[in-house]
Amino acid sequence: MSFEVLFKFLSYLAVFCGFLAMWVSGTFGLLGSAVFVAVMITAWNLEDTRWQVSERLGTVLVIVALPAFYLAWRFGFFGFSGSGAMVAGILGRLILSLTAIKLLQRKSDRDWIFLYLMAFFEVLLAAGMSISALYLLAFVVFVFVMVCTIILFEIRKTGRSISTMIVPEGRLQSRVPPQTLPASRLPVTASLLIICIILFALPIFFLLPRVGGAGLAGNQGRISTMTGFSDVVRLGGIGDILQNDQIVMRVRLEGNADSRELKWRGLALDTFDNRSWSRTRAAAKEPRFRGDRDIILLDYAASRQELTIQTVYLEPLDSPVLFALPRAVGVQGNFQVLFKDRHDSVSFNRVGERVSYKVLSDRSLPPSSRLRSDSSDYDGDIYNNLQLPEDLDPRISELAGSVTADSRNRYDAAAAVESYLQNSFGYTLEQKASGSQPLADFLFNVREGHCEYFATAMAIMLRTQGVATRVVNGFSQGEYNETADVWVVRQRNAHSWVEVYFPRDDVWVPFDPTPFSGQAAGDRGTGFTAQMGKYLEALETFWIQYFVAFDNQEQRSLFTSFRRGFSDYQSKTSSWMNQMSDRAAEWWSEVRGDKGLNASLAASGIGVLYVVTSIVCALLLYWLIRLAARSRFWSRITSRILGRREAAIVEFYERMIRVLADKGYVRKEHETPLEFASALGMSEVVSLTERYNRVRFGDRGLSGPEAEEVESWLKQIDSQPANPGTGQ
């Protein structure tokens, strides 16, 4: 492949990588993508032909495109779901249209730079619209291809300027002079540049203070209200949600956290009207402000043994709720204030961005024996959790009475209703219950439903028996990704359960009447496809944790981990040094004869043995290093790593000089290479020296056959006898 063809190929590839970054973010549909790819193929085939668009016409088309897109936006030609998506979508289409025009045009250096900038803007725009692992892959490929392209562009530009300088005035040539560039050197050079940039940029990235939210335009990918979290939730709403595979959050449990029965609590609802649940006194939210230790205290922990730390990476939702394991006692994150309502739900002033935070939850509960003995009366604040609809079907109360007939306390009544619903009803995602009282239809006719129906049935049945309850909306545990060590929670993991109040300990105890087939929502299998999906999710989690959602909270966690690791290293090093010091002191004590003559002789012998062993090891290491440095195998390996053949550089002459020196033939300081070769009278040395002069001063490499010929000369020189005058 010639230099010019390689340059154009990489330039087109860089443009395509910019388009690919936009494509993986979902900006363009199938039709738009096909049109752009067709334009790229057409432009490639039209390169250096008379059918290319002239520079003047290309400039006119670029100028016309700007008002054309503005008019299309004004008259509603583009259809978008929101203002954020509209701005990003229009910008993406405008950039792609300008790129297509430039591709079809005759291109000068300025036009290539324009195309590179358009590709960069596409990647930058896509960064705010997608956090997927596919975008990360497209970004990495773009960076590598772009660095290679810029290197070739600079070489090409320099070659043009040199050719212009050496051509007589009045005979300027526009063709790039022939240039040679080993194909293996370009990716190696680009990789080294990228590594250097990363090594320089990563400390800056992790050390710079974070302001604002996580990610560029983090609200572009906001999940719709189909998450089931609002002040009013109607029966049947989760049935459709459970078909949705969109990720809501990723949660990492720290330490030896117990992962049994994980449920991520969201909203608690206390008022039922036969069709929907809502919250009373929802506006009565207590603000909780950040303390001196950057922790917002929500409650007090009853037991340190049951404390669980969670790190949550929450996607943009149309809900201000923070999710956590019950009972959340402290939150650490980029929040100045949080709000806790009377139902123990935690919310914040959402701005539509991805959010990361840590939660400390107290999962301790009183033992069942203590709960069974709780016969305390409810106070006035809890009576709303006993509320029943005025026209509730009386059969529900009769059913609850029969189910709890043998129960002597609130806990046994709750357990009886829970067991009855789990074992006597079926789980389904289909919307079957209907009518003016869907709960009664579910209990007495359909006898199948999803979690909202089971939770509602248990809460209302217990209320008819005088037991205070509330329904909780949240998510079941989700899928555990062992590669990333996170729980991946999706919309299909949306779940509802019941909390029963026990006044003596002022505690809400969770119960889940949904059959177990409905609680274990949707494991996606263990096949090859599912396993690869978990690896991609792990990569995406890493991308989110350390780049998209990397804020000052994550900085503190990173610095804390680094400081802890450094302290552990210091501690281990200090302990090892103390042990060595104690052993040295004990050895010296034995050498002095504190433990007798025999012990002194043994210690002295051990000391001498250590010294001799150290000297031998040092000499052996030195000999191995020299042997490796003079080894042909090592020279070939280093040459391969550097991306060049050993015979294609002047290093082969240095090898010949070393071989001759070992045989007693040493070049004098006043001798030129050719004089030295002629004085020796060896034809191989003369031929190899002539080849060296041509490579060194002729600025050209060796072909494959020439390189093999040089190797054969070196072997013949190595087989020559030593200089008789040296006595070797």
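The values are calculated or read from the model by the stated rules, or taken from the named source; none is laboratory data. Only a predicted model underlies this, so the values are computations on that prediction, with no experimental measurement involved. So basically every Cβ, Gly included, is an ideal-geometry build from the backbone, and we count neighbours across all protein chains shown. Remember, those area values only see protein heavy atoms, side chains included, never the ligands or the DNA or RNA. Shrake-Rupley method; radii C 1.70, N 1.55, O 1.52, S 1.80 Å.
Modelled label positions at Q716 and D391, each set 7 Å beyond Cα in the direction of Cβ, lie 11.0 nm from each other.
The residues neighbouring Y12, those whose beta-carbon lies less than 12 Å from its own, together hold a net charge of +2 under the Lys/Arg +1, Asp/Glu -1 convention.
Tell me, in nm to one decimal, what length is gained between R293 and R370 on full extension, where the rule is 0.36 nm per residue of separation less the Cα-Cα distance? Before the final figure, lay out each step's value.
Working: separation 77, 0.36 × 77 = 27.72 nm, distance 3.55 nm.
Value of the extension gain: 24.2 nm.
The gain in end-to-end length when the R583 to L46 segment is fully stretched comes to 185.4 nm, 0.36 nm per residue minus the alpha carbon separation. For the set K340/K432; K285/K358; K340/K534; K102/K157; K534/K572, the pairs lying more than 25 angstrom apart at their alpha carbons are K340/K432; K340/K534; K534/K572.
If I take all pairs of Cα atoms in segment 282-425, what percentage of them are more than 18 Å from each other? Don't jump to the answer; show the numbers that get you there.
Working: 7164 of 10296 pairs.
More than 18 Å apart: 70 percent of the Cα pairs in segment 282-425.
Panel note: the C-alpha atoms of segment 369-417, placed on their principal axes, show extents of 35, 28, 12 Å (largest first).
When the accessible area of segment 325-470 is split by element with a 1.4 Å probe, what percent falls to carbon and sulfur? Walk me through the numbers before you get to the answer.
Details: 2650 of 6000 Å².
C and S fraction of accessible area: 44 percent.
For D512, neighbours were defined as the other residues whose beta-carbon sits under 9 Å from its Cβ, and their charges (Lys and Arg +1, Asp and Glu -1) total -1. Once label points are set 7 Å from the Cα along Cα→Cβ at both S2 and A602, what is their separation, rounded to one decimal in nm? Label at S2, label at A602, 8.3 nm between them.
Summing Lys and Arg as +1 and Asp and Glu as -1 over all other residues whose Cβ lies under 14 Å from the Cβ of A138 gives a net charge of -2. A 1.4 Å probe run over the protein chains yields, for segment 1-73, 57 Å² of accessible area per residue, whole-number rounding. The residues of segment 283-432 expose, per residue, 50 Å² of accessible area to a 1.4 Å probe.
So for segment 371-458, considering every pair of alpha-carbon atoms, how many percent are separated by more than 20 Å? Write down the numbers at each step before the final one.
Values: 1637 of 3828 pairs.
Result: 43 percent of Cα pairs exceed 20 Å.
Each Cα pair under 8 Å and six or more residues apart adds its sequence gap; the mean of these over the residue count of segment 265-323 is a relative contact order of 29 percent.
For segment 369-520, just run the numbers: alpha carbon Rg, then divide by 2.2 N^0.38 Å, N being how many residues it has. Each step should come with its number before you reach the end.
Values: Rg = 16.3 Å, N = 152, 2.2 N^0.38 = 14.8 Å.
Rg over 2.2 N^0.38 Å, computed on Cα atoms: 1.10.
Taking 0.36 nm per residue of separation and subtracting the Cα-Cα distance, full extension of the segment from R658 to Y622 would add 11.1 nm.
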